[in-house]
Amino acid sequence: MVIRMQTLTIRDNDRLLIVAPHPDDECIGLGGILTLYPKLCKVVVLTDGRQGQGDAPPELEKQIRKQEFIREMREAGIGDYEMLDYEDGSLMQHTDCLENRSLSSFTKIFVTGIHDNHPDHTAACISVQQALKKQGITDVEIYLYEVHAPLREVTHMLDITQILEKKLNLIRHHQSQLTSLPYDKMARSLAEYRALQNRADGCYFETYACVRPGDDLESGTVELEKKWQKSVLFYWILTRWMDWKIKGKCIADILLKKNWCQIAVYGYAELGQLLCEELNGSKVHVSYVLDKRVRDTGKKNLPVYIPQCGLPHVDAVMVTAVYYFEEIKEELLQMGYRNIFSFRTLLEMEV
């Protein structure tokens, strides 16, 4: 089937905002634009990339990816770029991340779409639309770009045949991400496919979908993405925890190194119950559980309290409701708790 696409027109007085959920999305989806119009572009990466495809621990992974991104920007000749460093995998909780950044000077904004097979990519699209709505901006052109999945409806194209290798070289700066998924080959194949759809054999097209500011996003899709993000986070924690167990690592050892001998566990769903079981019999004592729904742990020496001021002192609070960690932490700080830790962050540590 032939898909008729308009040629994307970039003028000398255009100001382009490139919004990328992770460091490398911008060159996978928009390497052609970055190569052809570097002086017109501002690139904003929303997350720290800590949950990428590499084998490094998350804290090291985000540093590796930051350096890869900087090298890519230098090769492309782009001087206006920044990383906002929201935690990779949590962007659906931070869709207000662009609301306080003025977008009025941009004539075209490029961002991932809501069907790009990653919750952070959906969240990036929501973030742009929310920011434009809050700032009352209606005269900007918005273009969705492709990273993990082809766009459902393509409206515009850019012939990148002559600069394809330059685009691929930008992608190859992100070597930590190419081991398990060869994004350079994927980008080449997608560009060839898009050109063939337009009967341009032997050419390579970068393609986009133009949407309007204020276009309604599919609420069902957004809710599904949130559930997916929770499931991905839950899966990561369980697999990381299992890896620790196989290697003989112990949660209690980490807590004792921090001199945390008396802790509270926030959340008594599956992760909270498993954590309490692991610490049972260790030198770390779980003094009580904090939970707004559960009223009884079924254990004689493990009481449950609704979070409130005036509860017995503990050295730290371990939050197992990791998806909601930031808002839980803020709430507990106001109650006077200190050393509030996400269970996810604990598992990212190297023993």
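Data overview
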{"quantity": "Close pairs (8 angstrom Cβ cut-off, 6 or more residues apart or separate chains): farther than 17 Å from Met318 by Cβ in region 291-305, among the β-branched types (Val, Ile, Thr) anywhere", "calculated": "Arg295/Val304; Asp296/Val304"}
{"quantity": "Region 80-115, subset small (Gly, Ala, Ser) and touching a residue at least 40 places away in the same chain (Cβ under 8 Å), residue surrounded by the fewest Cβ atoms within 10 Å (Cβ to Cβ)", "calculated": "Ser105"}
{"quantity": "Residue count for region 137-156, restricted to those that are surrounded by 14 or more Cβ atoms within 10 Å (Cβ to Cβ) and of a type in the set (D, E, K, R)", "calculated": "2"}
{"quantity": "Scan of region 3-38 for residues that are under 18 Å from Ser104 (Cα atoms) and either surrounded by fewer than 24 Cβ atoms within 10 Å (Cβ to Cβ) or not assigned by TED's automatic domain parsing to the domain that holds Tyr86 (or both), ordered by number", "calculated": "Ile10, Arg11, Asp12, Asn13, Asp14, Arg15, Leu16, Leu17"}
{"quantity": "Any hit, region 132-141, residues being touching an Asp or Glu at 6+ places or on another chain (Cβ under 8 Å) and in contact (Cβ under 8 Å) with a residue 24 or more places away in the chain", "calculated": "yes"}
{"quantity": "Residue that is nearest to Lys185 (Cα to Cα), among those in region 206-224 that are modelled with pLDDT of 90 or more and out of contact with any Asp or Glu (no Cβ under 6 Å at 6 or more places or on another chain)", "calculated": "Glu206"}
{"quantity": "Counted residues, region 44-59 - those being over 11 Å from His174 (Cβ atoms) and either under 16 Å from the mean Cα position of the chain (by Cα) or not hydrophobic (A, V, I, L, M, F, W, C) (or both)", "calculated": "11"}
{"quantity": "Options Glu82, Glu68, Glu59, Glu72: the member that is charged (D, E, K, R), over 21 Å from Pro213 (Cα atoms) and modelled with pLDDT under 95", "calculated": "Glu59"}
{"quantity": "Residue in region 39-94 that is farthest from Arg15 (Cα to Cα), counting only those that are part of a helix (DSSP H, G or I) and of a type in the set (A, V, I, L, M)", "calculated": "Leu60"}
{"quantity": "Within region 245-351, helices (runs of 4 or more DSSP H) holding 1 or more residues that are among the polar types (S, T, N, Q)", "calculated": "270-279, 325-334, 343-348"}
{"quantity": "Search result, residues across region 1-35 that are of a type outside the set (S, T, N, Q), in a loop (DSSP other than H, G, I, E, B) and modelled with pLDDT of 95 or more", "calculated": "Leu8, Ile10, Arg11, Asp12, Asp14, Arg15, Pro21, His22, Pro23, Asp24"}
{"quantity": "Met73 being buried (at least 20 other Cβ atoms within 10 Å of the Cβ) and free of Cβ contacts under 8 Å to residues at least 40 places away in the same chain", "calculated": "yes"}
{"quantity": "Contacts under 6 angstrom Cβ, first residue in region 178-201 being over 14 Å from Thr161 (Cβ atoms), partner in a helix (DSSP H, G or I), 6 or more apart", "calculated": "Tyr183/Ile28; Tyr183/Ile171; Asp184/Leu168; Asp184/Ile171; Asp184/Arg172"}
{"quantity": "Test: Ile340 is β-branched (Val, Ile, Thr) and without any contact (Cβ under 8 Å) to a residue 24 or more places away in the chain", "calculated": "no"}
{"quantity": "Among residues of region 223-247, those that are in contact with a helix residue (DSSP H, G or I) (Cβ under 8 Å, 6 or more places away or on another chain) and more than 20 Å from Pro119 (Cα to Cα), counted", "calculated": "3"}
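Residue-wise test of (1) outside the structural domain of Glu141 (by TED's automatic domain parsing); (2) at pLDDT 90 or above; (3) closer than 17 Å to Arg344 by Cα; (4) of a type in the set (D, E, K, R).
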residue	(1), (2), (3), (4)
Trp236	yes, no, yes, no
Met242	yes, yes, yes, no
Gln262	yes, yes, no, no
Gly272	yes, yes, yes, no
Asn280	yes, yes, no, no
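The values are calculated or read from the model by the stated rules, or taken from the named source; none is laboratory data. Because the structure is predicted, anything quoted here is derived from the model rather than measured. Note that each Cβ is placed from the backbone with ideal geometry, even for glycine, and that neighbours are counted across all protein chains shown.
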